[in-house]
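Report on the following structure.
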Amino acid sequence: MKNKSRYSGKIVLVTGASRGIGRAISFYFLNQGATVIGFDKGEPTISKTNYHHISVDIRDIKEVQKAFFQISKKFKTIDILINNAGVLTSQYAMIMPAEKAQEMVDTNLLGTFFVSREAAKIMSRAKYGRIINIGSMATSLEPKGDSIYAATKAAVATMANIMAKELSNFNITCNTLGITAFQTDMLNQFPKEKVDRIIKALPVPRIANEDDIFNVIDFFASDRSSYITAQTIFLGGIN
Amino acid sequence: MMTDKQIEKLIIEALIELNEGLPDEEKITITTQTELFGLNAQIDSLSLVSLIVNIESKISNELNYEISITDDRAMIRAESPFLNVQTLKNYILELFDEL
């Protein structure tokens, strides 16, 4: 049975909150008592009392800093950051459009870095924080077509491990959840046969469900996990 | 706009708060010449980052101004603005002049 008030009183920031996994994670926290701040380039798709949407392009440091100024004024702190925003273009390296490659680096890596460091500044004042990055099985499986995408996700995990060292004195942890295939718009970009082939090859050969993701988020986000940092947990038995 | 004395007070307050969190053997002497960066720095690099974040936070919370002390210009200057309390104060005043 779920603890309905697990996140009561917590302020949670979710990037890429309007769609896919980010939206599902936002609802999860909202349903368990948290106040959720959603970052997204697009319009809000969540209409709940404790949901606060900020339109922001995380690739733009000025926009990110402006958004955090608002957060600082209104909420004072952030307890949990879920770095979920990401873009994916799957294409063989030799024909990958340069602008798509750039977009993945700017959003998945630099955007995550900008948000993490501004969140860390706020968290450091409160001497508490949980930074959780949504990673990918692609970093381990290294599928054809995902050279840049997998590289950005691997870079994010490395970044988290280093930030974990820098931020440990402030009781801020940084961890990564490597998710497997999950039914989203992003997954729909792949040919079904490719997805099926990947899933079949997993130690636990099935698509991830929401609760698989929430379970690991709960672990990383727990107050009891202050000694768990610089870790990546993959779903589905990947290592 | 902020005065010279107000900025200095803010930096000193942030240093006192930093000092409170340091073990006895690492506590520093706080003056306007307290060295923050470089060969003779009295604090380590992570403490300097923490100090700067705290100063930015104080400027935001107490004065309602949002400035970024660690922008690109600060990093590429021949003489670092983080050398001591005095140079840091002068740099923050410059940032305020540009607001």
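We did not get these values from a lab; they are worked out from the coordinates using the rules stated. The shown structure was predicted, so the numbers you read here are calculated from the model rather than taken from an experiment. No Cβ is skipped: glycine too gets one built from the backbone with ideal geometry, and neighbour counts run over all protein chains shown.
For A:Gly145, what residues show an amide H to amide H distance below 5 Å, using hydrogens built from the backbone and excluding near sequence neighbours?
Under 5 Å from the amide H of A:Gly145 lie the amide H atoms of A:Ala93, each far enough along the sequence or on another chain.
Please give the Cα centre distance for the range A:27-88 versus the range A:123-139, rounded to the nearest Å.
Cα centroid to Cα centroid, the span is 14 Å.
Among A:Ala157, A:Phe219, A:Ala24, which residue has its Cα positioned farthest towards the positive end of the charge dipole of the range A:11-234, with +1 placed on the Cβ of Lys and Arg, -1 on the Cβ of Asp and Glu, and the dipole taken about the Cα centre?
A:Phe219
Given H placed 1.01 Å from N in the peptide plane, which residues other than close sequence neighbours of A:Ile131 have an amide H under 5 Å from its amide H?
Amide H neighbours of A:Ile131, under 5 Å, 5+ apart: A:Leu81, A:Thr173, A:Cys174, A:Asn175.
Can you compute the radius of gyration and Dmax for chain B, using only the Cα atoms, both in Å?
According to the Cα coordinates of chain B, Rg and Dmax are 12.8, 40 Å.
Using modelled backbone amide H atoms (1.01 Å from N, in-plane), which distant-in-sequence or interchain residues come within less than 5 Å of A:His52's amide H?
A:Val36, A:Ile37, A:Gly38
Net charge near A:Val14, counting Lys/Arg +1 and Asp/Glu -1 over other residues with Cβ under 15 Å of its Cβ?
Values: positive: A:Lys10, A:Arg19, A:Arg23, A:Lys41, A:Lys48, A:Arg130; negative: A:Asp40, A:Asp79, A:Glu118, A:Glu210, A:Asp218.
After counting each charged neighbour, the total is +1.
Just how large is the dipole of the protein assembly as shown about the Cα centre, in debye to the nearest 20, putting +1 at every Lys and Arg Cβ and -1 at every Asp and Glu Cβ? Working shown, then result.
On the way: 36 positive and 40 negative charges, 277 e Å.
Magnitude of the dipole: close to 1340 debye.
Mind checking which of A:Val195, A:Val115, A:Val56 has the largest fluctuation in a GNM of chain A, springs on alpha carbons under 10 Å?
Top of the fluctuation ranking is A:Val195.
Of all the stretches in chain A, which is the longest one without any exposed loop site, taking chymotrypsin sites (Phe, Trp or Tyr not before Pro) in a DSSP loop (any state but H, G, I, E, B) with at most 16 other Cβ atoms within 10 Å?
On the way: sites that count: A:Tyr92, A:Tyr227.
Counting only loop sites that pass the neighbour cut-off, the longest clear stretch is A:93-226.
Show me, for the range B:38-46, the HN-Hα J-couplings you get by feeding each phi into the Karplus relation (A = 6.51, B = -1.76, C = 1.60, θ = phi - 60°), rounded to Hz, glycine and proline as x.
x, 4, 9, 4, 8, 10, 7, 5, 5
Given a 10 angstrom Cα cut-off, can you work out which residue in B:Gln33, B:Gln86, B:Gln42 is the most mobile in a GNM of chain B?
B:Gln33
Suppose only helical runs count, i.e. DSSP H with n ≥ 4. What mean residue ellipticity at 222 nm does that imply for chain B under -39500 (n - 2.57) per run, divided by all residues and rounded to the nearest 500 deg cm²/dmol?
Working: 4 runs with 55 residues, N = 99.
That comes out to -18000 deg cm²/dmol.
Can you give me the relative contact order of chain B as a percent, contacts being Cα pairs under 8 Å and 6 or more apart?
Numbers: 92 pairs, mean separation 34.9, N = 99.
Once divided by the residue count of chain B, the mean separation gives 35 percent.
I'm a student and want to see the number: the projected area of the Cα convex hull of the range B:1-54, averaged over all directions, in nm².
Over every viewing direction, the Cα hull of the range B:1-54 projects on average to 4.0 nm².
About its Cα centre, what dipole magnitude does the range A:1-124 give when the only charges are +1 on Lys and Arg Cβ and -1 on Asp and Glu Cβ, stated in debye to the nearest 20? Don't skip to the answer; put the middle values down first.
Details: 17 positive and 10 negative charges, 134 e Å.
That gives the range A:1-124 a dipole magnitude of about 640 debye.
Just to confirm a number: summing +1 for Lys and Arg and -1 for Asp and Glu over residues other than B:Ala41 whose beta-carbon lies under 15 angstrom from that of B:Ala41, what do you get? Walk me through the numbers before you get to the answer.
Details: positive: B:Lys27; negative: B:Glu26, B:Glu35, B:Asp44, B:Glu79.
Residues near B:Ala41 contribute -3 overall.
Helix A:20-31: angle to the longest alpha-carbon principal axis of chain A, degrees 0 to 90, nearest 10?
In chain A, helix A:20-31 runs at an angle near 30 degrees to the longest axis.
Could you identify which residue out of B:Ile11, B:Ile28, B:Ile52 has the top mean-square fluctuation in a GNM of chain B using Cα springs shorter than 10 Å?
Of B:Ile11, B:Ile28, B:Ile52, the Gaussian network model singles out B:Ile28 as fluctuating most.
If the viscosity is 1.306 mPa s and the temperature 10 °C, what translational diffusion coefficient in µm²/s does Stokes-Einstein give for the range A:1-157 when Rh comes from Kirkwood over Cα pairs? Kindly include the intermediate steps, with their values, before the conclusion.
Working: Rh = 16.1 Å.
In µm²/s, the coefficient is 99.
Scattering from the C-alpha atoms of the protein assembly as shown alone, worked out with Debye: what is log10 I(q)/I(0) at q = 0.06, 0.08, 0.09, 0.12 1/Å?
Evaluating at q = 0.06, 0.08, 0.09, 0.12 Å⁻¹ gives log10 I(q)/I(0) of -0.24, -0.42, -0.53, -0.89.
When you take every Cα atom in the range B:50-99, what is the radius of gyration, and what is Dmax, the widest Cα pair distance, in Å?
Spelled out, the Cα radius of gyration and Dmax of the range B:50-99 are 10.5, 31 Å.
Can you sort A:Glu99, B:Glu26 from fewest to most other Cβ atoms within 10 Å of each residue's own Cβ?
Details: A:Glu99 8, B:Glu26 12.
Listed from fewest to most nearby Cβ atoms, that is A:Glu99, B:Glu26.
Under 13 Å from the Cβ of A:Thr35, count the other residues' Cβ atoms, weight Lys and Arg +1, Asp and Glu -1, and hand me the total. Please list the in-between numbers first.
Details: positive: A:Lys10, A:Lys48, A:Lys74, A:Lys76; negative: A:Asp79.
Here the charged neighbours net out to +3.
If I take the Cα coordinates of the range A:119-239 and project them onto the principal axes, what are the three extents in Å, biggest first?
Result, largest extent first: 49, 28, 24 Å.
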